[in-house]
Structure formats: structure tokens, C-alpha cells
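This report refers to the structure that appears directly beneath it.
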Amino acid sequence: MNPAEFDRMFAIEETHWWYQGRRALVRHALDRHALGNGSPLDRPLRILDVACATGMSFRFLADYGEIRGIDISEETIDYCGRRGIDRIVRGDALALPFAAGSFDAVLALDAFEHFDDDVAAMGETFRVLRPGGVLVATTPAFMSLWSPHDDAYHHKRRYRRPVLRGRLESVGFRTERMSYSSMALFLPVLALRTLRRWQDKPVEEAESDFSVPFPGPIEALAGAITRTEIAVEKKLDLPFGVSLYGVLRKPAA
């Protein structure tokens, strides 16, 4: 990720509607799949946040149990320290420094798209989960949405649902949910990113969509749309969208 994006993320992720929406989906996934429906798991959960960025998961999931984080970036360690978080390991997601079966739940929130070998990273999340444990993953969707946003975040790819599901299942996961997200905003985001692709800037100077200023009413409308859509997505899989959201289980046997 370009260094300036860490500053931007740290400043906005607690209150921005997009991050709030993703957090709502993560909590729903843990409630339903890690703690509900006859799951053998119960609080307190042992949770690993892979590519934990600025450590916001330690705040919004503190009531679920003990959280550990891992990220390869030194900036990440610094930003987590600013939040008073010290349960962070600097390490490589392709070789997680944890024993097999160490965690009840693993979060990979916009993580897999950053790795050259995403299947290896998926395999590592599978390894460190206990039997019956769950992975909650989000990724960007559709290469047609590629823009300076992806360059700024150092993405390697965007996914379609069959590809993401196939790769996760190839390492042993069983899919319980796999839905697109931000369906209602797909066309506006496509238009924005098409315009942004015309920008004549080198990759190292690329900026995320969060750098684009929008009037307050537009931001409020996007937030309202997102909250309404998430209420639907908790019950139904969406056919397309800007992102993908998946809940997968490591078989108990």
C-alpha cells in the first residue's frame, strides 16, 4: 500500500460508511457461523487478523475474545501502536508463524488480493484454523473495476466469485457463504473508476478512491444505501458487486 494510504485509512476507517459496512458483515459472520447454528465454538474466540493494517479489528471485535494480528508492513506495526495495540506480529502471510489449529476464526479482510501466491496464503489460513473453525474473507471484485485505487493499494488482482471460491476450496475449505457486496453502488463505482483510469499518473503516485472528495449528502446517501443492502445481504447472496464476502469452514473431521 502506498504510505499515504495508511494515513488516510487511519483517519477515516472508524467512521467511514464503507468500513462500517464491512465490520457489520464480519460481526454477522462470526455470530452466525462461529457462534451460531450449532457451531462447536463459543466465546471467547481466538481470532487471527491476517494483513491487519491499522488494527481496527482489535476495537470492533474485542467482545469476541482474544485477537492476534499479523502484517508484513512496518507501518502497520506503528499504526497499531498508536491505537495501543501490541498483539501484532510482523510476518509473512505465506508462512504464518503460528502452530496448526491455533485459532477459532481467521479474518482475511481485503488481504488475498495483495499476495503473489494467494493460494499459498489461503492454505496457511486453513492450516492455523482449528477443525470446525471459520474464515471470514473479503476481496475486491471484477477486473473491470481496476483503477488507480488498486494501484494505490498494491493489489495483484480482483476476483470473481467462482475463482475465489474455487481457490479457497482447493486448499480444503467448505464454503458456507459467498456473496458479492456493494451491488447498488456498482455502476457509480464503475463510472468513477473508468474516469480515474484516464489519469496520467505513475503507479507509485496513485491514490485510492478515498482521496476523492464527495459532498456530504452524497456520502450520506452512499452510507444509507450500504446499510440497506447489508440488511439484505445478511440473508441473500447478491449476484454482483464491487466486493466479495465469504464465510468458509475448515471441516471438523
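Quick check: anything in the range 136-155 in contact (Cβ under 8 Å) with a residue 12 or more places away in the chain and farther than 25 Å from Glu204 by Cα? Yes, the range 136-155 contains a residue that is in contact (Cβ under 8 Å) with a residue 12 or more places away in the chain and farther than 25 Å from Glu204 by Cα. Taking the conditions (1) within 22 Å of Asp116 (Cβ to Cβ); (2) buried (at least 17 other Cβ atoms within 10 Å of the Cβ) in turn, Asp209 satisfies each one other than (1). The number of residues in the range 179-191 that are under 17 Å from Trp17 (Cα atoms) and polar (S, T, N, Q) comes to 2.
Ala120 meets each of the listed conditions (1) surrounded by fewer than 17 Cβ atoms within 10 Å (Cβ to Cβ); (2) small (Gly, Ala, Ser); (3) touching a Cys at 6+ places or on another chain (Cβ under 9 Å) apart from (3).
Considering (1) in contact with a Phe, Trp or Tyr (Cβ under 9 Å, 6 or more places away or on another chain); (2) modelled with pLDDT under 95, the lone condition that Gly216 does not fulfil carries the number (1).
Can you tell me which of Arg249, Arg193 is basic (Lys, Arg), under 28 Å from Met1 (Cα atoms) and at pLDDT 90 or above? Being basic (Lys, Arg), under 28 Å from Met1 (Cα atoms) and at pLDDT 90 or above holds for just one of Arg249, Arg193, which is Arg193.
Over 19 Å from the mean Cα position of the chain (by Cα) and of a type in the set (S, T, N, Q): is that true of Ser182 in this structure?
On the way: over 19 Å from the mean Cα position of the chain (by Cα): no; of a type in the set (S, T, N, Q): yes.
When the stated conditions are applied, Ser182 does not pass them.
Residues are listed down the side, and each one gets a yes or a no for (1) farther than 20 Å from His16 by Cα; (2) in a loop (DSSP other than H, G, I, E, B); (3) of a type in the set (S, T, N, Q):
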{"position": "Thr139", "(1), (2), (3)": "no, no, yes"}
{"position": "Arg177", "(1), (2), (3)": "yes, no, no"}
{"position": "Arg193", "(1), (2), (3)": "no, no, no"}
{"position": "Gln199", "(1), (2), (3)": "yes, yes, yes"}
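If you check Val89, Val106 for being part of a strand (DSSP E or B) and surrounded by fewer than 17 Cβ atoms within 10 Å (Cβ to Cβ), only one passes: Val89.
Restricting attention to the range 51-69, and to residues there that are of a type in the set (A, V, I, L, M) and surrounded by fewer than 22 Cβ atoms within 10 Å (Cβ to Cβ), which single residue is nearest to Met1 (Cα to Cα)?
Initial filter on the range 51-69 (of a type in the set (A, V, I, L, M)): 51, 53, 56, 61-62, 67.
Cutting the leftovers down to surrounded by fewer than 22 Cβ atoms within 10 Å (Cβ to Cβ) gives us 61-62.
Details: Leu61: 24, Ala62: 26 Å.
By that ranking, first place goes to Leu61.
Taking first residues from the range 31-46 that are under 14 Å from Ala252 (Cα atoms) and partners that are hydroxyl-bearing (Ser, Thr, Tyr) and modelled with pLDDT under 70, the Cβ contacts under 9 Å between residues at least 6 apart in sequence or on separate chains come to His33/Ser39.
Residues in the range 147-166 that are hydrophobic (A, V, I, L, M, F, W, C) and either surrounded by fewer than 17 Cβ atoms within 10 Å (Cβ to Cβ) or touching a Leu at 6+ places or on another chain (Cβ under 8 Å) (or both) were compared, and the one that is nearest to Leu25 (Cα to Cα) is Leu164.
Residue by residue, here is whether (1) surrounded by 12 or more Cβ atoms within 10 Å (Cβ to Cβ); (2) closer than 20 Å to Leu238 by Cα holds:
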{"residue": "Ser179", "(1), (2)": "yes, yes"}
{"residue": "Leu185", "(1), (2)": "yes, yes"}
{"residue": "Pro188", "(1), (2)": "yes, yes"}
{"residue": "Thr194", "(1), (2)": "yes, no"}
{"residue": "Pro215", "(1), (2)": "no, no"}
{"residue": "Ala220", "(1), (2)": "yes, no"}
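Only residues that are surrounded by 18 or more Cβ atoms within 10 Å (Cβ to Cβ) and not charged (D, E, K, R) were counted across the range 17-27, and they come to 4.
Among the residues of the range 50-76, those identified as touching a strand residue (DSSP E or B) at 6+ places or on another chain (Cβ under 6 Å) and within 19 Å of Thr139 (Cβ to Cβ) are Val50, Ala51, Cys52, Ser57, Gly69, Ile70.
The values are calculated or read from the model by the stated rules, or taken from the named source; none is laboratory data. Keep in mind it's a predicted model, so treat the numbers as computed, not measured. Quick reminder, even Gly has a Cβ in these numbers, built from the backbone with ideal geometry, and neighbours come from all protein chains shown.
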